[in-house]
Amino acid sequence: MSDRDRRDPRPLTGEPLALDLLNTRWVHEGAPQDLLTGTDGLAVWLGANGLDDRFAADAATLRHTLRARDALREAVDGAAGEGAEAVDAVLAHGRIRATLTADGPGERPEFDDASWGPAWLAARDYLRLLTLAPDRIRRCAHEACVLHFFDTSRNGTRRWCSMAVCGNRAKASRHYARTKEG
Ligand SMILES: [Zn+2]
């Protein structure tokens with residue numbers, strides 16, 4: 001079985017790159033899970049984000065990607081200003097090169113080393129989300145859930161990674177608490 005064929009086991013996918021990197025950690029029946037425990041999992045993650053043709057799923061890329069994940073976790077889940085230095089340290093490994101192509105002006109990311117590419121792109125994506133709508137960068141409201149999402153709902157009222165999973169769990173425990181009291 002090639003890496004490409006390995007299925008993505010995560011409960012939540014398709015969030016913006018920065019949050020999708022955080023979503024490589026999740027909780028299944030009370031047990032913490034981690035997609036990025038090795039280069040096989042990294043290959044799955046790179047494939048899920050269309051990065052597998054540009055970057056190798058090797059040990060150095062894994063190390064740097066995990067560095068970015070730690071930094072983003074601190075920045076997203078920490079108090080205001082926390083994690084900024086760590087995210088900035090990841091960003092120091094790349095830059096935007098302004099280009100002019102036959103199709104017109106463009107921007108191209110360049111990296112110290114390709115193994116910093118996915119880490120840098122995730123950190124850069126976080127900056128994009130901060131510019132777009134920082135208050136819409138959310139962690140699932142269920143206390144036992146560690147998933148993150150960018151709320152694109154019109155009213156900005158999304159609370160759960162998934163209504164079917166965490167939304168219902170919360171409803172069920174509220175119901176349980178009510179019937180126990182009654
Ligand atoms: Zn959740």
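Summary of values
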{"item": "Qualifying residue in the stretch 145-152 (condition: polar (S, T, N, Q) and over 18 Å from the mean Cα position of the chain (by Cα))", "result": "no"}
{"item": "Boolean, Arg128 is within 16 Å of the ligand (Cβ to nearest atom), basic (Lys, Arg) and under 30 Å from Thr39 (Cα atoms)", "result": "no"}
{"item": "Number of the condition not met by Val90 [criteria: (1) surrounded by fewer than 13 Cβ atoms within 10 Å (Cβ to Cβ); (2) among the β-branched types (Val, Ile, Thr); (3) away from the ligand (no atom under 16 Å from the Cβ)]", "result": "(1)"}
{"item": "Condition check for Ser115: closer than 21 Å to Asp20 by Cβ, among the hydroxyl-bearing types (Ser, Thr, Tyr), within 16 Å of the ligand (Cβ to nearest atom) and in contact (Cβ under 8 Å) with a residue 60 or more places away in the chain", "result": "no"}
{"item": "Unique match (being among the acidic types (Asp, Glu), more than 16 Å from the ligand (Cβ to nearest atom), open to solvent by 20 Å² or more (accessible area, probe 1.4 Å) and in contact with a strand residue (DSSP E or B) (Cβ under 9 Å, 6 or more places away or on another chain)) among Glu107, Glu82", "result": "Glu107"}
{"item": "Candidates Arg154, Arg159 - the one that is surrounded by fewer than 12 Cβ atoms within 10 Å (Cβ to Cβ) and without any contact (Cβ under 8 Å) to a residue 60 or more places away in the chain", "result": "Arg154"}
{"item": "The lone exception for Trp45 - which of (1) within 17 Å of Leu19 (Cα to Cα); (2) in contact with a helix residue (DSSP H, G or I) (Cβ under 8 Å, 6 or more places away or on another chain); (3) open to solvent by 20 Å² or more (accessible area, probe 1.4 Å) it fails", "result": "(3)"}
{"item": "Qualifying residue in the stretch 139-150 (condition: modelled with pLDDT of 85 or more, closer than 18 Å to Arg73 by Cα, more than 10 Å from the ligand (Cβ to nearest atom) and not basic (Lys, Arg))", "result": "yes"}
{"item": "Among (1) buried (at least 17 other Cβ atoms within 10 Å of the Cβ); (2) more than 29 Å from Thr65 (Cβ to Cβ) - the single one Asn168 does not satisfy", "result": "(1)"}
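The values are calculated or read from the model by the stated rules, or taken from the named source; none is laboratory data. Here the structure is a predicted model, which means the values were calculated and not measured. Glycine also receives a Cβ, built like all others from the backbone with ideal geometry; neighbour counts cover every protein chain displayed. Side chains included, ligands, DNA and RNA excluded: accessible areas come from the protein's heavy atoms. Shrake-Rupley method; radii C 1.70, N 1.55, O 1.52, S 1.80 Å.
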